[in-house]
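The values are calculated or read from the model by the stated rules, or taken from the named source; none is laboratory data. Remember, it's a predicted structure, so these values are computed and weren't measured experimentally. When we count neighbours, we look across all protein chains shown, and the Cβ atoms used for this are built from the backbone with ideal geometry, even at glycine. When the accessible area is computed, the model is the full protein with side chains, heavy atoms only, and any ligands, DNA or RNA have been set aside. Shrake-Rupley method; radii C 1.70, N 1.55, O 1.52, S 1.80 Å.
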Amino acid sequence: MKIFLGLNLVIVDYESATSFLGEWGPFQQRVFFLLCLSFIPNGLTALSMVFLGGTPAHRCMLPAHLNLSAAWRNSSIPLEEDASRGGDLVPSKCFRYKLEHLMNYSETGLLPGVDVNLSNVPKEGCLDGWEFDHSLYTSTIVTKWNLVCDESWKKPFSSSMYFGGILAGSFISGQLSDRFGRKPIMFATIALQVVITLIQIFSSSWIMFVALYFLLGLVQISNYLVAFVLGSELLGPMVRTLFSTAGVCLFFALGYMLLPLLAFFLRDWRLLQVTFMLAGCVCLPLFWFISESPRWLLSQGKVEEAEAIIRNAAKVNKIEPPALIFSPLMNEKKKAHNICDLLRFPNIRWNTLTIAYYALSLNTANLHGNPFFNCFLSAVVEVPAYGLSWVMFRWCSRRLSLSSALFAGGFFIFITQLIPPHLPALSITFEMMGKFAVSTAFAVIFAYTAELYPTVLRNTAIGASSTASRIGSIVAPYFIYLGTYSVSLPYILIGSLTALTGLISLLLPESFGMPLPETISHMQSFPGKKKKKKTQETEEIPNIQGRTRKSLKVKTTEVHMVIRVK
């Protein structure tokens with residue numbers, strides 16, 4: 001639509017105004033691949049606790065100078081039932097027989113199990129520490145600070161602190177990005193991630209480690225969310241769909257797949273963190289090759305800076321730009337927005353609450369067995385899942401794509417607990433099918449959220465939604481303890497919640513085929529909500545009296561304006 005008016009008017013259809021750049025020129029290719037590369041370190045660190053906090057087989061240590069016969073030294077650890085192995089008897093990890101009794105029996109020449117009934121021998125804790133099996137790990141934070149037995153709660157607490165940092169980062173990064181820009185916040189948090197990891201390598205205590213782990217989660221999710229939004233705003237509609245689903249997630253999965261490979265060859269938690277730090281260092285030079293979001297600059301009234309970026313993109317693509325790309329009359333800072341606006345406007349409030357609800361259930365059950373193989377298998381499963389998410393997002397309804405993926409994930413996770421224990425391969429198959437479906441939904445959720453919210457609040461909204469989802473992440477490390485009461489309970493809860501939220505997601509508005517909203521009034525309404533005739537937000541237009549321009553040519557697909565006649 002073209003409008004020629006001698007009035008004070010400011011309307012811009014960003015997609016139409018920049019369509020001359022094309023969809024897949026050298027500029028877009030550079031943005032796509034460089035931003036995708038920045039997600040690899042996130043894939044490396046997101047689940048690093050699997051190996052940083054690996055718990056090898058262990059038993060109570062016996063002092064080397066202890067005068068015990070070989071028979072009593074071999075029988076110093078009592079046997080206990082192991083529920084995870086069907087009640088088989090295994091050596092205790094947290095108790096030993098009292099050494100004073102063992103020494104008396106050894107000195108008198110009595111034999112264990114022959115002359116002495118071991119069930120009558122008193123027990124005590126591991127007063128001299130633990131012996132760890134180093135065949136799987138050379139060193140982890142568990143072996144470093146003895147996070148076993150009475151101290152075992154510290155391992156899941158470490159993971160919860162990391163996800164607590166992600167919650168905090170999700171909450172503040174979006175607001176900082178919407179206020180100060182995408183690019184500065186993205187690279188500032190990448191630099192902080194490198195520094196924090198470097199300091200964490202030299203942690204002298206568990207408290208120091210976990211405090212830094214909290215900060216690491218905060219900055220890690222910040223650069224992830226900001227880079228996601230930056231790519232969504234820099235790229236055109238078709239490439240944006242590929243980037244926000246398959247692109248981001250596949251490179252994240254690449255980092256995830258590298259994690260078990262590096263852990264397998266290094267086997268030491270400090271050396272593993274060195275690789276995390278180096279991966280972040282590689283991303284820092286990207287600062288000079290990635291531009292700020294023109295959409296964000298326009299939302300701040302910085303028209304000249306936005307136009308300079310578009311003209312540079314045209315130069316890289318070897319395209320002659322038009323004389324006027326954006327109206328200079330837009331060079332006025334718009335009303336500032338913050339997280340409170342997410343709940344102030346009816347069309348945003350419903351979206352936020354619904355997204356927050358289904359984000360809580362994005363957790364899958366942990367696999368049992370070799371941790372290196374399981375982690376790699378879990379990452380490999382995500383690759384086709386993210387490919388499917390792009391296909392669904394490219395050609396299918398957003399609501400149906402998200403709902404079907406969540407419901408399928410919940411179904412497979414739920415029926416996993418119905419598989420007989422003697423069929424572990426079938427159980428793992430269903431578990432991985434559930435992981436596949438939930439991974440597909442995870443990729444769709446981020447891209448869908450970016451389409452629902454306007455530029456003035458997009459990063460804040462994605463951060464707020466991610467904040468809500470981290471509540472589930474924080475409690476996830478403790479979900480495994482439900483299995484001590486009932487093996488089926490984690491599957492029942494996670495499967496039911498995921499399927500339920502799949503149904504609830506049908507209440508979200510549809511954004512398929514719609515342009516990205518720029519202001520709050522451009523948002524899609526929640527189904528069943530009537531749109532008010534008067535817009536929730538108006539933006540005052542600068543006076544053009546005295547300017548020599550005879551008319552203003554504007555492209556738009558949906559008109560939201562205020563006209564002031566002089």
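Within the range 122-135, the set of residues being surrounded by fewer than 17 Cβ atoms within 10 Å (Cβ to Cβ) and not in a strand (DSSP E or B) comprises 122, 127, 128, 129, 133, 134, 135. Of everything in the range 10-24 that's over 13 Å from residue 295 (Cα atoms) and open to solvent by less than 20 Å² (accessible area, probe 1.4 Å), which residue is modelled with the highest pLDDT? My answer is 21.
For the residues 146, 67, the requirement of being free of Cβ contacts under 8 Å to residues at least 60 places away in the same chain, over 30 Å from residue 224 (Cα atoms), assigned by the TED database to the domain that holds residue 275 and open to solvent by 30 Å² or more (accessible area, probe 1.4 Å) singles out 146. What do you reckon, is residue 269 open to solvent by less than 10 Å² (accessible area, probe 1.4 Å) and at pLDDT 90 or above? When the stated conditions are applied, residue 269 passes them. Of all residues in the range 102-119, those that are over 13 Å from residue 73 (Cα atoms) have Cβ atoms under 8 Å from Cβ atoms of residues that are among the hydroxyl-bearing types (Ser, Thr, Tyr) and part of a helix (DSSP H, G or I), 6 or more apart or on another chain, in 115/105; 116/105. Applying the set (1) modelled with pLDDT under 85; (2) open to solvent by less than 60 Å² (accessible area, probe 1.4 Å); (3) among the aliphatic types (A, V, I, L, M) to residue 52 leaves exactly one unmet item: (1). Considering every residue within the range 175-193, establish whether at least one is more than 13 Å from residue 227 (Cα to Cα), open to solvent by less than 20 Å² (accessible area, probe 1.4 Å) and assigned to a helix (DSSP H, G or I). Yes, the range 175-193 has at least one match.
Where helices (runs of 4 or more DSSP H) fall entirely within the range 376-488, those with at least 3 residues that are surrounded by fewer than 23 Cβ atoms within 10 Å (Cβ to Cβ) and at pLDDT 75 or above are at 398-416, 424-452. Listed by first and then second residue, the pairs with beta-carbon distance under 8 Å, at least 6 apart or on different chains, first residue in the range 204-227 and farther than 15 Å from residue 43 by Cβ, second buried (at least 24 other Cβ atoms within 10 Å of the Cβ) and basic (Lys, Arg), are 226/182. Filtered by the rule that a residue be modelled with pLDDT of 85 or more, of a type in the set (D, E, K, R), within 43 Å of the chain's Cα centre (by Cα) and not in a loop (DSSP other than H, G, I, E, B), the range 72-121 gives a lone residue, 96. When residue 247 is tested against the conditions (1) closer than 20 Å to residue 451 by Cβ; (2) more than 16 Å from the chain's Cα centre (by Cα); (3) not aromatic (Phe, Trp, Tyr), the lone failure is (2).
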